[in-house]
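> Have a look at the structure that comes next, please.
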Amino acid sequence: MEGKVNRVVSVLLAAVMVWTAFLTVNTSVYAESENEYVSQQEASADTAHAESMIYGDVNGDGYIKINDATFVQKHCADIELIEEDYLPVSDVNGDNSVNVKDATIIQRYITGVYFDSLVGKTYVPSSTETVTTVPYETEPSQTLPSETEPAETQQTITTTVMTDPAKTEPSEVLPTETEPAETQPPTTVPATQAASTLVTAATVPAPVVGTVKNVTKTSFETNKITLKWDKVSGASGYFVYIKNADSSSSYKKLADVTSNTYTASNLIHTTQYHFKISAYILKNGVKYEGSGTVKKTATQPGKVSNLRMVRSSSVIEFAWDRNSKATGYRIYRACSATNAEYVLYKTIRGNSTTSFSDTNIEMGRAYYYSVRPFRELYNTEYNAPHSTIKFICGMSAPNYSMTSQLSRVSLTWNKNKYATGYDIYYSTSKSGTFKLLGTTKNNYFNTVRLTDKKTYYFRVQPYKLNGASQTKVLGTYATRSKTVTKNAYGVSVGGTYIEISLKQQHMWFYINGELYCHTDVVTGNADGTHDTPKGAFKIWQRLSPTVLVGPGYASPVDYWLAFTSSGVGIHDASWRSSGEYGGTTYKGNGSHGCVNTPYSAVKKIYQKATIGTRVVVY
């Protein structure tokens, strides 16, 4: 038996000597090409040796050389034992034992291959430190591990280093919104691959950190996701990681929280996000992270944008802008047939169709629609909020004409029989923002004074106050342009003039471009015989008082301003009540052609108007 042991020891010693010779040759070659490095190492070792023992200096000669690695190998084979005082500096991987791995680390340190260890660092004695020797025959082969091979017995504490998500996330059945989240192994990296992210803690046993379970989404919003999970026993907190699965393949750390819930904000609508939640335990200033649990979910789709009317005639048509991430769109309709309740009317699959036409309609009836994008992921449907649009079938864009005079634009159109009134909008560009100019129940509208020679864009949009709730339902509109002119009927008017609108039954008096006064009036009866003439005129007669004489009448007035040669003028009319001015009195109860004016207003005009003052009637 003794002979057999001697033979084993001889074989092991021979192997050690061959390996030592191989390393000595490699070290000599390295030293020849890196003399500066060796000399610096020796100088550093000299200085350290003068102060204290150095990890890796096994024989205590003040240097870290191949002899030290050989000494460790002999020690593990019980061929030559290391002195007890030098056992602590022989444990260069900090696992509280001297074994062949320490020899390997010293060898690789000498050749400049491996630096992330205790080799070369100053040893600080500890009163409680105990270092054991692992017998040589219990160790694995002495073959050097590859650069990417992890140290098998090294205890590490890691910060999380993200790897390829395809390798770190389950790729089987995707969970639904209500299914428990899947659990995956922690994403750790061996010390030889990620030395910069590892904290060696050989003397501190790592606590066992539980795995996060039952991650659920508790909010359904377009720009945020709230997650909640079961508390992990003993956990100090949780790391939250996020990945935009529509555009990225890697996670990034989002938060470090102490509660078992978190809300991720400022997210993108209609977007799938993967979250990874891991618990950690804080011990001695170090965070020990457990396994990560992945939750795959998404934000709700956003409302459709630019929902707009296209037609409202025998066909109702509307359109919207595309949502490129949507699976499709759902159209809901409410009308009298559904008791004004929205019901699913049409499902459009694919997001490239961005309009809808309805022919199952009746003229004059109200139809309300809702458009909702949806996205299907993980056996779950994510729906957008409702976006509604309302129609009165047949309430279409009026066909209107425009004229310009005295820096105004006059719009005229045919009435729509379904409309309650009309909104008038204008803008300085066709694609610009349109502002409300005014609202009227008439089929005409005169704008305020605008900038001379400037082009404006107008819209006339009908509306109906529908039902008992008087809901305002808009019709379609057309956009047209008109260039403003300060002249009238081809005549230069100047800054002082009297302006009379027959359709509005209103009169304005401007002096040097500034409004002096204005008033409602009653013009000639609109019967084709007594209509007040349109055109650009001048005041040619001023009388106060006088009597107006005509066929079958003689009417005394206090103020008279004649502007046509046929005897049409502006005057007071004591026989009219204040309620008759303006409106539609001129349709059936108008004058013989003159402009009947309230007494206070005509007195004021008479005081400033002179012979030659322009009068423009349109």
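> Which of the trypsin sites (Lys or Arg not before Pro) found in region 344-380 are loop residues per DSSP with 11 or fewer other Cβ atoms within 10 Å of their Cβ?
Passing sites in region 344-380 do not exist.
> Mind computing the radius of gyration and Dmax over the alpha-carbon atoms of region 225-325? Å is fine for both.
Cα only, region 225-325: 20.4, 78 Å (Rg, Dmax).
> Still on this model: In Å², what does the accessible area per residue of region 501-618 work out to with a 1.4 Å probe?
Values: 5630 Å² over 118 residues.
The answer is 48 Å² per residue.
> Taking the Cβ-Cβ separation of residue 518 and residue 566 as r and a Förster radius of 22 Å, what is the calculated FRET efficiency to the nearest 0.05? Don't skip to the end; give the middle numbers.
On the way: r = 26 Å, r/R0 = 1.16.
After rounding to 0.05, the efficiency reads 0.30.
> Separate question: Using a probe of 1.4 angstrom, how much of the accessible area of region 306-387 is carbon and sulfur, in percent?
On the way: 1720 of 4000 Å².
Reported share for carbon and sulfur atoms: 43 percent.
> For a 19 Å ceiling on Cα separation, which of these pairs sit above it: 346/390; 430/486; 213/325; 217/303?
Values: 346/390 17 Å; 430/486 22 Å; 213/325 30 Å; 217/303 21 Å.
The pairs that break the limit, which is 19 Å between Cα atoms, are 430/486; 213/325; 217/303.
> With respect to the cross-link table entries 224/435; 453/534; 252/283; 121/276, which display a Cα-Cα separation exceeding 29 Å? Walk me through the intermediate numbers first.
On the way: 224/435 34 Å; 453/534 23 Å; 252/283 24 Å; 121/276 38 Å.
Result: 224/435; 121/276 exceed 29 Å.
> Separate question: Compute the FRET efficiency between residue 231 and residue 116 as 1/(1 + (r/R0)^6), taking r as their Cβ-Cβ distance and R0 = 60 Å, and round to the nearest 0.05.
Working: r = 36 Å, r/R0 = 0.60.
For residue 231 and residue 116, the calculated efficiency is 0.95.
> Still on this model: Each residue of region 576-588 in turn: what ³J(HN,Hα) in whole Hz from Karplus with 6.51, -1.76, 1.60 and θ = phi - 60°, glycine and Pro shown as x?
Computed from phi, the couplings for region 576-588 are 9, 7, 5, x, 7, 6, x, x, 10, 4, 5, 8, x Hz.
> I would also like to ask the following. Return one whole number: the accessible area per residue of region 241-302 in Å², for a 1.4 Å probe. Write out the running numbers ahead of the final one.
Details: 2360 Å² over 62 residues.
Per residue, region 241-302 has an accessible area of 38 Å².
The values are calculated or read from the model by the stated rules, or taken from the named source; none is laboratory data. Note that the coordinates shown come from a computational prediction; the quantities given were computed from them, not determined experimentally. As a convention, Cβ positions derive from the backbone with ideal geometry for all residues, glycine included, and neighbour counts pool all protein chains shown. Surface areas here come from the heavy atoms of the whole protein model, side chains and all, with no ligands, DNA or RNA. Shrake-Rupley method; radii C 1.70, N 1.55, O 1.52, S 1.80 Å.
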